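To start, the structure under review is shown below, and the notes come after it.
The values are calculated or read from the model by the stated rules, or taken from the named source; none is laboratory data. None of these values were measured; they are calculated from a predicted model. Because the Cβ atoms are built from the backbone with ideal geometry, glycine has one as well, and the counts that use them run over all protein chains shown. Only protein heavy atoms, including side chains, enter the accessible area calculation; ligands, DNA and RNA are left aside. Shrake-Rupley method; radii C 1.70, N 1.55, O 1.52, S 1.80 Å.
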Amino acid sequence: MRILHTLFSSGFAGTERATAEMCNALCDSHEVALALRRAHRSRAGVSIVDHLDPRVQVRELGDWFPAPGLARLVREWRPDVIHTHLRKSTRLVARLRPPCATVATLHMWVNGPHFLQMDGLIVIAQWQKKDLADYRGRVFDINESLLPHPRLEAARIAQLRADCGAAPGELLIGGVGRLAHSKGFDVLIRGFREAALPRARLALIGDGRERAELEKLAAGLPVRFLGFRADAKDFYQAFDLFVSPSRSEPLGRVLFEALDAGVPVLATLTQGPAEILARYPGRLVPIDDVGAMAGALRELAAAPPPRTTHDLSPYHLENVRRETEAAYRELMQHREKRDGTASLEECEE
């Protein structure tokens, strides 16, 4: 198959990681391209392209008016299927009405009518289906992908803990994600202050526009901000407790990465974590509740749950890739039966 992914975001967070992993997995057997806007790097210089297999063809389009470039790419490259990610790229593909199969992954929710114009939708969480009552396309239940992380040697874990400022015997609490209001790290810092845990450290991996305010909020506390780290997935094995304090979390890819590392998990009662922690062990607290966060931190610090191994094979990338390929084929067959032989010249600039 010739598969075109489209994603017009910048930086490298959960959606970008999931897209990169799928592109890389698919290019073992298919011809794969990824359409991006030119400004795909964050202010810190981070981009999805740094995580792509060299076999993935990167096509950069205009920042402000990518539609003509996208139309040209579709007409000249002639994909068998277009797989969109997030709102902007899905909206542009829906307007383009290309003569090939189209599918969007709901990384969040149906935040625009253009999602309902796709031939297929991939839901990664069951709660997302509540917005699909009037949808007439194909719906595919396909899990978020996970690449199991190699187990680290003790010396590497000790170095990571030192990077976090944790001395031997100290409780190391960690968070990973964009430093944005929706991620709720202010609630975690306030809860950590209120919990007043002896011999405990908090480390935050990630960067974002809220960093300066969060650093002010954490003044005087044993909190370390490590910024964006390419080795972020290593840190889960160094944490004694992982916390996801989000105000909104459609799925929570970080929870799977934490579970893969075996670290105990504390999360807020948002959409994805509530679904994930109904299947795997973990603690949930109400959203935006500093007191509940502090109480849970005290309880978990007093009696830390053991590190455990979980069966996450339904989320392993090779299984998710196989299900995604099957979805592509089904959509292509349905489109061919419905439209017959469409002409790519119908896709106009």
Condition met for ASP80 (open to solvent by 10 Å² or more (accessible area, probe 1.4 Å) and within 30 Å of ARG229 (Cβ to Cβ)):
no
Scan the stretch 200-210 and tell me whether some residue there is open to solvent by 30 Å² or more (accessible area, probe 1.4 Å), more than 30 Å from ARG322 (Cβ to Cβ), out of contact with any strand residue (DSSP E or B) (no Cβ under 8 Å at 6 or more places or on another chain) and at pLDDT 95 or above.
yes
Quickly run through the stretch 239-277 and pick out the residues that are in a helix (DSSP H, G or I) and open to solvent by 10 Å² or more (accessible area, probe 1.4 Å).
ARG253, VAL254, GLU257, ASP260, ALA261, GLN271, ALA274, GLU275
Within the set of pairs 6+ apart or on separate chains, which have a first residue in the stretch 60-71 that is under 13 Å from ARG95 (Cα atoms), a second that is surrounded by fewer than 12 Cβ atoms within 10 Å (Cβ to Cβ), and C-beta atoms under 8 Å apart?
ALA67/GLU349; PRO68/GLU349; ALA71/GLU348; ALA71/GLU349
Specify the residue that is farthest from ARG338 (Cα to Cα); the eligible residues are those in the stretch 83-122 that are crowded, with 19+ Cβ neighbours inside 10 Å and polar (S, T, N, Q).
SER89
Scan the stretch 169-194 for residues that are surrounded by fewer than 22 Cβ atoms within 10 Å (Cβ to Cβ) and small (Gly, Ala, Ser) and report the count.
3
